[in-house]
Amino acid sequence: MQFGLLGSRRAAGMVASLRELGITSALSAAQQQAPFALAAHALVSEALPHLDDRLGAWPASEAEVALSDAMAVLNARQHALLAANGPGCRASLLQGSTLARIASSWVGGTEASKIQGSAAAAAARGVAILPTRGCSHGAPALGALAALLGLPARTVVDAFVYMTARDFFSAAVRLNLVGPLAAVSLQSDVVGAAVIRSDDLMQLSCADAAGAAPLLEAVHACHDLLERRIFQT
């Protein structure tokens, strides 16, 4: 907005620009985060049938140890991708620790496991793979929690698209770029347009994950601007 890239405030062009930018933002966030969530979902889904369903079982089974190790590697790969973006990295760790606490309370409760049976007890054992205290990133934690709850993998991708679009238009409303009613319609359009691409997102692996590096891009932009000015003089 400050650079004049979105057009005049509340003009028709502004709405079109916000829609285009919203779709790009949603797809960009999903491309960076969804592969790790999908990988965590696959790891937990494959391991659940092999987890010990005895409440309080000790020591941990080989399947549980292998799952914990695999999740730690996945979390480390996510951290390596986000480390260059300090605020984004801290936000991801906060989200992950929050989801881990939710899982511990919701899925990992022994009383709920007793009521729901052995499958729930195995899921409760699986909660142990979600470290708290700011050690787990949001994407792997969300993917693991979705698997523990029996949600399909596509739901995880759709959740990333929806959450990004929601946050994007919430910011646009707070900045008075668009009204609340218009934001609801725009969010629906953006989510619908981005979800169409969910088949492509489902095929991404962690090696394909990529995101923007704002500080690095700002340095490049300033460098190019100064270089042009030097050549012009």
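Checked against the criteria, Phe160 does not count as aromatic (Phe, Trp, Tyr) and at pLDDT 90 or above.
For Val127, indicate whether it is surrounded by 13 or more Cβ atoms within 10 Å (Cβ to Cβ), part of a helix (DSSP H, G or I), β-branched (Val, Ile, Thr) and modelled with pLDDT under 90. Yes; evaluated as a whole, the condition is true for this residue. Criterion applied to Ala183, Ala119, Ala193 was being over 21 Å from Thr98 (Cα atoms) and at pLDDT 90 or above, and the one residue passing it is Ala183. Take the conditions (1) more than 30 Å from Arg9 (Cβ to Cβ); (2) modelled with pLDDT of 85 or more; (3) not acidic (Asp, Glu); Ser136 misses just one of them, which is (2). Of everything in region 7-18 that is in contact with a helix residue (DSSP H, G or I) (Cβ under 8 Å, 6 or more places away or on another chain) and closer than 13 Å to Leu186 by Cβ, the residue that is surrounded by the most Cβ atoms within 10 Å (Cβ to Cβ) is Leu18. Evaluating Cys206 against the criteria (1) surrounded by 13 or more Cβ atoms within 10 Å (Cβ to Cβ); (2) modelled with pLDDT of 90 or more; (3) of a type outside the set (Ser, Thr, Tyr) leaves one unmet condition, (2).
The values are calculated or read from the model by the stated rules, or taken from the named source; none is laboratory data. As the structure is a prediction and not an experimental result, all values here were calculated from the model. Neighbour counts run over all protein chains shown; Cβ positions are idealised from the backbone, glycine included.
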